[in-house]
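The next block holds one structure in the form of structure tokens; read it before the comments.
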């Protein structure tokens with residue numbers, strides 16, 4: 001048995017296997033080396049930025065037609081022209097009894113003057129001036145204590161004096 005193993009694995013067979021393995025290894029290395037890309041070189045990527053110009057023309061403002069002045073409606077009961085007699089300048093008043101329509105505060109006393117602001121129920125104002133009798137109503141100049149743009153002349157019939165606003 002030993003003789004058979006020596007016959008199969010002799011020096012010439014081992015040397016031939018080693019040479020054959022080296023040749024196969026050299027062929028594989030040469031194939032991989034020649035298969036790599038020759039013409040392409042690695043260049044850093046460059047970002048492409050496309051600028052889209054925004055329109056510079058300003059759109060024209062829509063044409064608005066003046067709103068006609070509303071006349072007092074008959075949906076709520078006509079107020080009595082007396083109002084709260086305890087209103088004086090410097091006091092705080094609260095809007096009440098407008099049935100959700102709000103109290104229109106005008107530029108000056110009178111129902112046909114420009115409306116500056118519409119005060120909702122429970123809104124509180126400081127009385128700045130008044131009373132003025134115009135168009136059958138008693139008018140008081142009111143100013144929102146926290147907003148200088150909310151104010152105007154309001155009818156006393158929808159105002160109630162409040163002690164600690």
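The values are calculated or read from the model by the stated rules, or taken from the named source; none is laboratory data. Just so you know, these numbers come straight off a predicted model, no measurement behind them. Reconstructed Cβ throughout: ideal geometry from the backbone, glycine too, with neighbour counts over all protein chains shown.
Could you tell me whether any residue of region 66-87 is at pLDDT 70 or above and either assigned to a strand (DSSP E or B) or more than 40 Å from the chain's Cα centre (by Cα) (or both)?
Yes, the conditions are met somewhere in region 66-87.
Could you please give the count of residues in region 150-165 that are touching a residue at least 60 places away in the same chain (Cβ under 8 Å) and surrounded by 14 or more Cβ atoms within 10 Å (Cβ to Cβ)?
Result for region 150-165: 8.
Quick check on region 93-112: of everything there that is crowded, with 17+ Cβ neighbours inside 10 Å and in contact with a strand residue (DSSP E or B) (Cβ under 6 Å, 6 or more places away or on another chain), which residue is farthest from residue 145 (Cα to Cα)?
Among residues in region 93-112 that are crowded, with 17+ Cβ neighbours inside 10 Å and in contact with a strand residue (DSSP E or B) (Cβ under 6 Å, 6 or more places away or on another chain), the one farthest from residue 145 (Cα to Cα) is 109.
Please work out which one of (1) touching a strand residue (DSSP E or B) at 6+ places or on another chain (Cβ under 6 Å); (2) without any contact (Cβ under 8 Å) to a residue 12 or more places away in the chain is the condition residue 147 fails and give its number.
Every condition holds for residue 147 apart from (1).
What number goes with the only condition from (1) part of a strand (DSSP E or B); (2) under 35 Å from the mean Cα position of the chain (by Cα); (3) touching a residue at least 40 places away in the same chain (Cβ under 8 Å); (4) within 29 Å of residue 66 (Cα to Cα) that residue 116 does not pass?
Only one criterion in (1) part of a strand (DSSP E or B); (2) under 35 Å from the mean Cα position of the chain (by Cα); (3) touching a residue at least 40 places away in the same chain (Cβ under 8 Å); (4) within 29 Å of residue 66 (Cα to Cα) is unmet by residue 116, namely (3).
Read through the list (1) over 20 Å from residue 100 (Cβ atoms); (2) out of contact with any strand residue (DSSP E or B) (no Cβ under 6 Å at 6 or more places or on another chain); (3) surrounded by 14 or more Cβ atoms within 10 Å (Cβ to Cβ), then give the number of the only condition that residue 132 fails.
Of everything listed in (1) over 20 Å from residue 100 (Cβ atoms); (2) out of contact with any strand residue (DSSP E or B) (no Cβ under 6 Å at 6 or more places or on another chain); (3) surrounded by 14 or more Cβ atoms within 10 Å (Cβ to Cβ), residue 132 misses just condition (2).
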